[in-house]
Amino acid sequence: MDRLKQIESFVSTATKGSLTAAALAEGVAPAVMGRRIDALEARLGVKLLLRTTRRLSLTHEGSAFLEDCQRLLVEFASAEASVSAGGIKASGHLRITAPAGFGRRHVAPLVPGFLARHPEVSASLNLSDRVVDIVNEGFDCAVRVGDLSDSSLISSRLADNRRLCVAAPAYLKRAGTPRHPSELMRHECLTLSSDASQTRGWAFRVDGQVQHLRPSGRLDCSDGQVLHDWCRQGLGLAWRSTWEVAAALRSGELVSVLDDFAAPPNGIFAMLPQRKHLPLRVRLWIDFLKEHYGSADYWTRASTWETP
């Protein structure tokens with residue numbers, strides 16, 4: 001039995017979660033897929049999959065073998081493409097996750113252009129303000145904004161990110177303008193929920209040192225766009241990124257405060273699973289983001305884009 005076919009059947013079954021789904025995709029009977037995997041396990045002398053009538057799961061050895069097999073299949077396809085098509089082409093499915101607000105403005109608009117450049121690639125985009133576990137949830141790349149927690153993930157810096165403390169003029173007229181970060185404790189502050197980002201609080205430079213404050217108020221939300229809207233309505237102060245509030249600042253709908261205490265920029269990052277060999281589609285996606293985010297006029301143009 002062909003070794004490559006055994007490996008392809010193993011990868012398909014493991015990723016689709018069942019022999020039936022893998023067999024349907026290949027157009028063969030589930031029994032055929034089962035025989036291929038049995039032959040592979042017999043040849044290797046190790047159990048890769050645990051199969052019952054109700055579920056299928058990978059063994060520890062199967063999980064490690066799956067990653068190596070996926071890499072080998074990508075490299076094999078790339079080798080074939082380099083000969084048959086005159087050059088290596090990206091292919092396969094790209095799974096991306098990003099924060100909801102940033103993703104709507106600065107990731108989603110770029111995905112169609114990337115697919116147009118690489119017609120053999122498909123993509124799924126997940127937008128969420130929770131910190132997604134990209135390894136266990138099967139994502140190829142996460143775009144993240146702000147300080148990074150200690151992690152075994154690989155990070156690639158895409159651009160700088162600056163945050164400002166902002167409010168609507170109506171709120172400042174009613175509640176007064178804070179002159180020092182310590183005064184935030186007596187203001188209504190619109191904060192992200194604890195299950196979202198900004199877990200360290202709002203950052204300011206005080207006496208030459210970066211300090212993190214955890215202000216509070218009667219309103220918090222896990223969605224940054226909602227906080228932005230509440231801030232524009234005059235419900236309190238918010239700590240938002242310039243990519244989100246630049247247009248409102250120019251129009252006067254919002255004004256920035258505590259500018260003398262603004263912290264240095266943090267970053268916008270691409271986060272990747274710890275892998276020795278990344279699929280070509282992932283490497284090209286990161287290059288595509290850097291190409292756009294590194295453009296001199298990108299952030300000026302993008303700050304005027306409307307979001308749903």
What pairs come out if I take residues in the range 161-173 that are in contact (Cβ under 8 Å) with a residue 60 or more places away in the chain and surrounded by 13 or more Cβ atoms within 10 Å (Cβ to Cβ) and pair them with residues that are in a strand (DSSP E or B) and of a type in the set (G, A, S) whose C-beta lies under 6 Å away, six or more apart or interchain?
N161/S241; N161/G267; R163/S241; L164/S256; V166/A238; V166/S256
Residue, surrounded by the most Cβ atoms within 10 Å (Cβ to Cβ), within the range 1-57, restricted to residues that are farther than 21 Å from H93 by Cβ and of a type in the set (D, E)
E41
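For (1) under 15 Å from C189 (Cβ atoms); (2) under 24 Å from the mean Cα position of the chain (by Cα), each residue gets a yes or a no:
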{"residue": "V210", "(1), (2)": "no, no"}
{"residue": "L213", "(1), (2)": "yes, no"}
{"residue": "S216", "(1), (2)": "yes, no"}
{"residue": "L219", "(1), (2)": "yes, no"}
{"residue": "H228", "(1), (2)": "yes, yes"}
{"residue": "L235", "(1), (2)": "yes, no"}
{"residue": "W239", "(1), (2)": "yes, yes"}
{"residue": "T242", "(1), (2)": "no, yes"}
{"residue": "A248", "(1), (2)": "no, no"}
Could you list, in sequence order, all residues of the range 201-229 that are at pLDDT below 85, touching a Gly at 6+ places or on another chain (Cβ under 9 Å) and not acidic (D, E)?
G224, Q225
Could you please give the count of residues in the range 35-61 that are modelled with pLDDT under 90 and part of a loop (DSSP other than H, G, I, E, B)?
5
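Filter the range 96-135 for residues that are charged (D, E, K, R) and either outside the structural domain of P273 (by TED's automatic domain parsing) or under 22 Å from S222 (Cα atoms) (or both) and give the result. Explain how you work it out, then say what you get.
First, pick out the residues of the range 96-135 that are charged (D, E, K, R): 104-105, 117, 120, 129-130, 133.
Hits for the range 96-135 are R104, R105, D129, R130, D133.
The values are calculated or read from the model by the stated rules, or taken from the named source; none is laboratory data. No experiment lies behind these values; they were computed from the predicted model shown. Neighbour counts run over all protein chains shown; Cβ positions are idealised from the backbone, glycine included.
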